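**Student:** Here it is: the structure, laid out below.
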Amino acid sequence: MILSTLYGEVCHMKNALVNLVNISKSFDGQLILDDLNLYIRENEFLTLLGPSGCGKTTTLRILGGFEKPDKGQVIFQGQDITNLPPNKRNLNTVFQKYALFTHMDVAENIAFGLKIKNKTKSYIDDKIKYALKLVNLDGYEHRSPDSLSGGQQQRIAIARAIVNEPKLLLLDEPLGALDLKLRQDMQYELIRLKNELGITFIYVTHDQEEALTMSDTIVVMNQGYIQQIGSPERIYNEPENAFVADFIGDSNILGATMIQDRLVEILGARFACVDEGFGENKPVDVVIRPEDVDLVEPSQGTIQGRVTHLIFKGVHYEMEVTAGGFEWLVHSTKLYEVGTEVGIRVDPFNIQIMNKPASEDEEAVGINE
């Protein structure tokens, strides 16, 4: 099966920094990537997002030269680099395990790649100072990596990569080993570095919040296929299939019937929506985000139900409401106690209609015709 996942106008491919063309890869007879196509623009922060085993890290390793595709091409700045080793590519990779040399101090770690390139001592010294300033670790030149915190070690790994002035920086779940506060701090640092350096970032993660926070473009992957490509806002607000809707944030995903343009029947009740072109009396899937469910007086709701569970989350209450035989997830700043009878109302713009996959294969590939 062939899935075209190129986004934007075709002419943009010619000006892309990276083109992955018809990439397929198997390990031990198991297909990991199936005819994947993707292009990456210069100075873009692009995130490959998906569950374990979806093919995102394999895609990154093929880009970095650590794996060779079974078929397909890696085009970088207009040149075919499919068979080039990692050290011959104008890119660097930062891994989750920082791979710092513990027998070297911070300056020696940062200088490692520059020494291999036979750069002068004065050039290397200037680059070390520049890189440490960029990652907010001035004065750490002679510290041992073992004496640094996890966040500091990660910054050194990034500094070691950026001193080589790569056109492309690959980051394979680099924040996964950090605690929540450090991870959040490093997210902002990476955004700042990308903006200051003008380097294209390709970032691999399974963390949806990370992807939404940092990315210009998100590529959602599953089972070796690209499910959707778009901005964080589009991926969240307009998921193209149930997998994307379920994987990106919390969702209410319901089977429904498209009665006609702008009218959908959900759990026996008819809701106004804004979608058109799905046909009449056609089975569809519907996505409604928890924060888009309005709880009102029962008489004012499109459908009626009862609050069955309640959790205080700090910025909002998370509630489950049983209505129409479905457990609705609701986020609201207004408290409704367990047992309260409520009505459910949803703004038409907040009802996302999707074609229902005709088969398991179509569901995996993520085709919406």
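**Student:** Leaving ligands, DNA and RNA out of it, work out the accessible area of Tyr317 with a 1.4 Å probe and give it in Å² to the nearest 10.
**Tutor:** 50 Å²
**Student:** Please state the charge dipole magnitude for the range 116-240, taken about the Cα centre, from unit charges on C-beta atoms (+1 on K and R, -1 on D and E), reported in debye and rounded to the nearest 20. Please list the in-between numbers first.
**Tutor:** Details: 15 positive and 19 negative charges, 149 e Å.
In total the dipole reaches around 720 debye.
**Student:** What 222 nm value per residue comes from the helices of the chain, counting each DSSP H run with n ≥ 4 as -39,500 (n - 2.57) and dividing by all residues, nearest 500 deg cm²/dmol? Walk me through the numbers on the way to the answer.
**Tutor:** On the way: 9 runs with 90 residues, N = 369.
Here the helix-only value at 222 nm equals -7000 deg cm²/dmol.
**Student:** Which of the trypsin sites (Lys or Arg not before Pro) across the range 232-330 are loop residues per DSSP, with 16 or fewer other Cβ within 10 Å?
**Tutor:** Details: sites: Arg234, Arg262, Arg270, Arg306, Lys313; in loops: Arg262, Lys313.
Qualifying residues, ordered by number: Arg262, Lys313.
**Student:** Would you work out the relative contact order for the range 96-154, in percent, from Cα pairs under 8 angstrom that are 6 or more residues apart? List each step's numbers first, then the result.
**Tutor:** Working: 40 pairs, mean separation 29.6, N = 59.
Averaging sequence separation for qualifying contacts and normalising by length gives 50 percent for the range 96-154.
**Student:** With every protein chain present, what is the per residue accessible area of the chain (1.4 Å probe, Å²)? Show your work: numbers first, answer last.
**Tutor:** On the way: 17630 Å² over 369 residues.
Ligands and nucleic acids excluded, the result is 48 Å² per residue.
**Student:** What length, rounded to one decimal in nm, is gained on full extension from Val338 through to Ser26, with 0.36 nm per residue of separation minus their alpha-carbon distance?
**Tutor:** Working: separation 312, 0.36 × 312 = 112.32 nm, distance 5.06 nm.
Computed gain between Val338 and Ser26 is 107.3 nm.
**Student:** Also, quick follow-up: Which of these, Ile229, Ile311, Ile32, has the largest mean-square fluctuation under a Gaussian network model of the chain (Cα springs below 10 Å)?
**Tutor:** Ile311
**Student:** Which entry in (i) 85, 40, 34; (ii) 77, 45, 37; (iii) 70, 51, 38 matches Cα extents along the principal axes in Å derived from the coordinates of this structure?
**Tutor:** Read-out taken from this structure: (ii).
**Student:** Let me ask something else. What is the sum of charges around Lys115, taking Lys and Arg as +1, Asp and Glu as -1, for the other residues whose C-beta is under 10 Å from the C-beta of Lys115? Could you put the intermediate results ahead of the total?
**Tutor:** Numbers: positive: Lys117, Lys119, Lys121; negative: Glu108.
Around Lys115, the charge tally is +2.
**Student:** Count charges around Pro85 for me, please; just the other residues with Cβ under 13 Å from its Cβ, Lys/Arg as +1, Asp/Glu as -1.
**Tutor:** Numbers: positive: Arg61, Lys68, Lys88, Arg89; negative: Glu67.
With Lys, Arg at +1 and Asp, Glu at -1, the neighbours total +3.
**Student:** While we're on this one: Evaluate the relative contact order of the chain (contact order divided by residue number), counting alpha-carbon pairs under 8 angstrom at least 6 apart; express in whole percent.
**Tutor:** The normalised contact order for the chain reaches 15 percent.
**Student:** Taking H placed 1.01 Å from N in the peptide plane, check which residues at least 5 places from Phe45 or on another chain put their amide H under 5 Å from its amide H.
**Tutor:** Here the answer is Phe201, Asp216, Thr217, since their amide H atoms fall under 5 Å of that of Phe45.
**Student:** Taking θ as phi - 60°, what are the ³J(HN,Hα) couplings along the range 45-61 by the Karplus curve (6.51, -1.76, 1.60), each to the nearest whole Hz, with x for Gly and Pro?
**Tutor:** 9, 10, 10, 8, 10, x, x, 4, x, 7, x, 5, 5, 4, 4, 5, 5
**Student:** Moving to a separate point now. Would you work out the relative contact order for the range 194-261, in percent, from Cα pairs under 8 angstrom that are 6 or more residues apart? Please report the intermediate quantities before stating the final value.
**Tutor:** Details: 56 pairs, mean separation 13.1, N = 68.
It rounds to 19 percent for the range 194-261.
**Student:** Given a cut-off of 32 Å, name the pairs among Lys167/Lys313; Lys56/Lys282; Lys68/Lys356; Lys133/Lys313; Lys119/Lys181; Lys88/Lys121 whose C-alpha atoms lie farther apart than that in the structure shown.
**Tutor:** On the way: Lys167/Lys313 42 Å; Lys56/Lys282 34 Å; Lys68/Lys356 36 Å; Lys133/Lys313 38 Å; Lys119/Lys181 37 Å; Lys88/Lys121 23 Å.
Over 32 Å apart, Cα to Cα: Lys167/Lys313; Lys56/Lys282; Lys68/Lys356; Lys133/Lys313; Lys119/Lys181.
**Student:** I'd like the Karplus ³J(HN,Hα) series for the range 337-350: coefficients 6.51, -1.76, 1.60, θ = phi - 60°, whole numbers in Hz, and an x wherever there's a Gly or Pro.
**Tutor:** For the range 337-350, the Karplus-derived couplings read 5, 4, x, 5, 7, 9, x, 10, 9, 9, 4, x, 5, 9 Hz, x marking Gly and Pro.
**Student:** Then there is this: Tell me, what HN-Hα J-couplings in whole Hz come from the Karplus equation 6.51 cos²θ - 1.76 cosθ + 1.60 at θ = phi - 60° for each residue of the range 294-302, using x for Gly and Pro?
**Tutor:** The phi angles translate into 9, 8, 9, 4, x, 5, 9, x, 6 Hz.
**Student:** How big is the accessible area of Thr58 in square angstrom, nearest 10, if you roll a 1.4 angstrom probe over the protein chains?
**Tutor:** Accessible area, nearest 10 Å²: 20 Å².
**Student:** Could you pull out every one of the aspartates and glutamates with an alpha carbon less than 15 Å from that of Lys115, ignoring same-chain neighbours closer than 8 positions?
**Tutor:** Within the straight-line limit of under 15 Å, Lys115 reaches these aspartates and glutamates: Asp105, Asp125, Asp126, Glu165.
**Student:** OK, next. Comparing Asp207, Asp250, Asp179, which has the greatest mean-square fluctuation in the GNM of the chain with Cα pairs linked when under 10 Å apart?
**Tutor:** Taking springs between Cα atoms under 10 Å, the residue moving most is Asp179.
**Student:** Counting only residues 5 or more places away or on other chains, whose amide H sits under 5 Å from the amide H of Lys356 once H atoms are built in the peptide plane?
**Tutor:** Asp285
**Student:** Where does each of Phe278, Phe45, Phe101 land when they are ordered by accessible area, with a 1.4 Å probe and the largest first?
**Tutor:** Most to least solvent-accessible, the answer reads Phe101, Phe278, Phe45.
**Student:** Given a 1.4 Å probe and heavy atoms of the protein chains only, how would you sort Glu280, Glu44, largest accessible area at the top? Walk me through the numbers before you get to the answer.
**Tutor:** Numbers: Glu280 130, Glu44 10 Å².
If we order Glu280, Glu44 from most to least accessible, we get Glu280, Glu44.
**Student:** Taking amide H positions as placed 1.01 Å from N in the peptide plane, with prolines and chain starts having none, which residues 5 or more places from Lys282, or on another chain, fall under 5 Å of its amide H?
**Tutor:** Those qualifying (amide H under 5 Å, at least 5 residues apart or on another chain) are Met258.
The values are calculated or read from the model by the stated rules, or taken from the named source; none is laboratory data. For clarity, every value in this text was computed on a predicted model and none was experimentally measured. Virtual Cβ from ideal backbone geometry, glycine too; neighbours counted across all protein chains shown. Keep in mind that these areas ignore ligands, DNA and RNA; they rest on the heavy atoms of the full protein, side chains included. Shrake-Rupley method; radii C 1.70, N 1.55, O 1.52, S 1.80 Å.
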